[in-house]
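Contents: one structure, followed by commentary.
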Amino acid sequence: MYNLLKGKKGIIFGALDSNSLAWKVAERAHQEGAQIVLTNAPVAMRLGAINELGQKINAPIIPADATNNEDLNNLINKATEHFGSKIDFVLHSIGMSINVRKSRHYTDLKHDDFLKAMDISALSFHRTMQSLYNLDAMANEGSIVALSYIAAQRTFPGYSDMADNKSALESIARSFGYYYGKKSQVRVNTISQSPTKTTAGSGIKGFNAFYNYAEKISPLGNANADEFADYCLTLFSDLTKKVTMQNLFHDGGFSFTGVSEEVMEFFMDKE
C-alpha cells in the first residue's frame, strides 16, 4: 500500500459483484486510504452483492438511478453530508444495452432500446457531472473517470449500439472536461480497458472470441480487473493532476498493434 488516496473521498458507481471492475476499484481505493460512498440503480442492487462490499470497506450505500436527475442530486448531497466535505473522485462504471442482451444485429436495432442504452451508458455520465457541477460538489483538482472500450474507435461485430454509446461517452468526457478544468481544475477522463471477464462483459455475444483475440494481439496480454483498479487509482491520485479530456487505453498494447506474430503464424498455417 502507498496511501495514494489517504484523506480522499469518492463515489463509485456500478459495483455489482466481486467480478465487476467497480468492485475492484472500491477495494483498492479503500486499501489506499480513501473513504467511499457506493451507489447503484435499485434494480441492480437487488441482483448484486453490493451490501457485502459496503460492509467490507465500511462504505454507506446510497441507491440512485443515474438516468434520474433527482436521484443524482440526492446521492451527491447525501455523500457530501456523509463526508463532511466535497468529493475528490468519482468512478462512472455504468453501461447497458437491451439490443446487445437480445443479440440484435446492428442493422436491425430497436431504436427505443437504443435510446434507453444511450441514456444509461452515456448521457448518465453527463447527468452525473452536471449534478456535481451545479451543486459545486467536487473538490478542486478532483478526478472523474468513466469506463469506455476501443469499440468507440473501431468496429467490433456483436458490440452493436454499445459502440455508439461509448463514442458519446468519450465525447462527453472531452466536452465536460474542458468546462470542469476551467471551473476548478477537475479532470475528466475515460479508460478503454481490455476485454475483461466481468459479469457484464461476459454477457456480450462472442465475448470469449474477443478476449482470446485481444490476448494474442496485445504484446503485454489483456489487462485484468486488478490491474485496471491500480491504473484507475493513479487517475484519482495527485500524480495525474494535468491529465484530462483523454481516452486512455489500458489494454496491454492492443490499441496500437496492427497484427501479432501469433496471429500471423495462425494464418500462415492455413496456407
Rg over Rh of segment 9-268, using C-alpha atoms and the Kirkwood radius, what does it come to? 0.96
Once Leu220 and Val243 are pulled to full extension, the length gained, defined as 0.36 nm per residue separation minus their Cα-Cα distance, is 5.9 nm
Given Cα pairs under 8 Å that are at least 6 residues apart, what percent is the relative contact order of segment 9-268? 19 percent
Difference of contour (0.36 nm per residue) and Cα-Cα distance, Glu261 to Tyr178: 25.8 nm
With x for Gly and Pro, the residue-by-residue ³J(HN,Hα) of segment 112-129, computed from phi through the Karplus equation 6.51 cos²θ - 1.76 cosθ + 1.60 at θ = phi - 60° and given in whole Hz, is 4, 6, 4, 5, 4, 5, 5, 5, 6, 8, 10, 5, 4, 5, 5, 4, 4, 5
Packing-wise, with mean Cβ within 10 Å as the measure, how do 207-217, 225-235 rank, highest first? 225-235, 207-217
For Lys78 and Lys102, extending 7 Å from Cα along the Cα-Cβ vector and measuring point to point gives, in nm, a value of 3.2 nm
If packing is taken as the mean number of other Cβ atoms within 10 Å per residue, what is the order of 146-158, 10-22, highest first? 10-22, 146-158
Backbone N under 19 Å from the Lys197 label point (7 Å along Cα→Cβ), restricted to segment 229-271: 229-230, 251-252
Please rank Met268, Met45, Met129, fewest neighbouring Cβ atoms within 10 Å first, as an exposure proxy. Met268, Met45, Met129
Return the Rg/Rh value of segment 62-207, two decimal places, where both radii are evaluated on C-alpha atoms and Rh is the Kirkwood radius. 1.00
In deg cm²/dmol and to the nearest 500, what is the mean residue ellipticity at 222 nm of the chain if only DSSP H runs of at least 4 residues count, each as -39500 (n - 2.57), divided by the residue total? -13000 deg cm²/dmol
The lysines whose Cα lies under 20 Å from the Cα of Lys166, excluding any fewer than 8 residues away in the same chain, are Lys102, Lys110, Lys116, Lys197, Lys205
How high is the relative contact order of segment 12-83, in percent, counting Cα pairs under 8 Å that sit 6 or more residues apart? 28 percent
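We did not get these values from a lab; they are worked out from the coordinates using the rules stated. Please read these numbers as outputs of a predicted model, since none were measured by experiment. Here Cβ is always computed from backbone atoms with ideal geometry, including for glycine, and neighbour counts include all displayed protein chains.
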